[in-house]
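Worksheet: the structure to be examined is printed underneath.
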Amino acid sequence: MIVIKNLTKKYHGAAVLKNISLKFEKGKVTYIVGANGSGKSTLLKCIIESLNYDGKIERTLGEKFAYAPEKVQLPQYLSVKTFLNIISENQQEIDSYLEKYNLSVDKKVKFSKLSKGMYQKIVIIGVLLMNADAYIFDEPLSGFDDVAEKQFMKDIEKLVKNDKIVIISTHFQDKYQADLPHEIISLKKGLIV
């Protein structure tokens, strides 16, 4: 479980998150919903401790997080194979994910040659290959086609069944499966509404 108490984050004196208190539990998806600038990405970055903040974040499940930011800039010279092999040595699992996400890309291809959708799929596959306690996705469906969206939801369902914490920030919660155990947290101007 992740418990947040009185979390405040300011940029240049302006509060982006204002005294947020909430918890994230295993075995369900927590959707963080809000417009641009509502504090969704900032909240996720505080959870993984890539930002300083005021308040407290307690973790009772361990420390291993898998995080897919909305925008990630990987070295353009890096090949798909090298990237995925850094994360996992299980070639069969890598190949299975590439097939499930309909990626027939040559694994020797560099990131500089990938389309936005292919790039996003590889990043998501990288996160799914990690053995983590909590999986955190910031706008994961950006650039996905219908096939990839459906596969992603199957993978989320598997994580939930394996009793993982799953956190997804999104503008469009209706794109996700309502039949999974879930909670919706709405953010507006840095406050839970």
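The values are calculated or read from the model by the stated rules, or taken from the named source; none is laboratory data. All values derive from a computational prediction rather than experimental measurement. We place every Cβ from the backbone using ideal geometry, glycine too, and count neighbours over all the protein chains shown. With ligands, DNA and RNA removed, areas are computed over all heavy atoms of the protein, side chains included. Shrake-Rupley method; radii C 1.70, N 1.55, O 1.52, S 1.80 Å.
Some points to look at:
- For the chain, the relative contact order comes to 36 percent (Cα pairs under 8 Å, sequence separation of at least 6).
- A compact globular protein would have a Cα radius of gyration near 2.2 N^0.38 Å; the ratio found for region 1-153 is 1.14.
- When the solvent-accessible area of region 9-141 is split by element, carbon and sulfur atoms take up 47 percent of it, the probe being 1.4 Å.
- LEU74 versus LYS188: modelled label distance in nm, points set 7 Å from Cα along the beta carbon direction: 3.8 nm
- Applying a DSSP loop filter and a limit of 13 other Cβ atoms within 10 Å to the GluC sites (Glu not before Pro) in region 44-141 leaves GLU49, GLU63, GLU89.
- Region 75-145, accessible area per residue, ligands and nucleic acids excluded (1.4 Å, Å²): 48 Å²
- Dipole magnitude of the chain about its Cα centre (Cβ charges: Lys, Arg +1; Asp, Glu -1), debye to nearest 20: 560 debye
- Summing charges over all other residues whose Cβ lies under 10 Å from the Cβ of GLU58, with Lys and Arg as +1 and Asp and Glu as -1, gives +4.
- Gained length - LEU180 relative to TYR11, 0.36 nm times residue gap less alpha-carbon distance: 57.3 nm
- Taking label points 7 Å from Cα along the Cα-to-Cβ direction, LYS158 and ASN36 give a separation of 3.4 nm.
- Pairwise FRET efficiency - LYS28 versus GLN173, Cβ, R0 = 22 Å, nearest 0.05: 0.95
- Relative contact order [Cα under 8 Å, 6+ residues apart], region 40-154, whole percent: 38 percent
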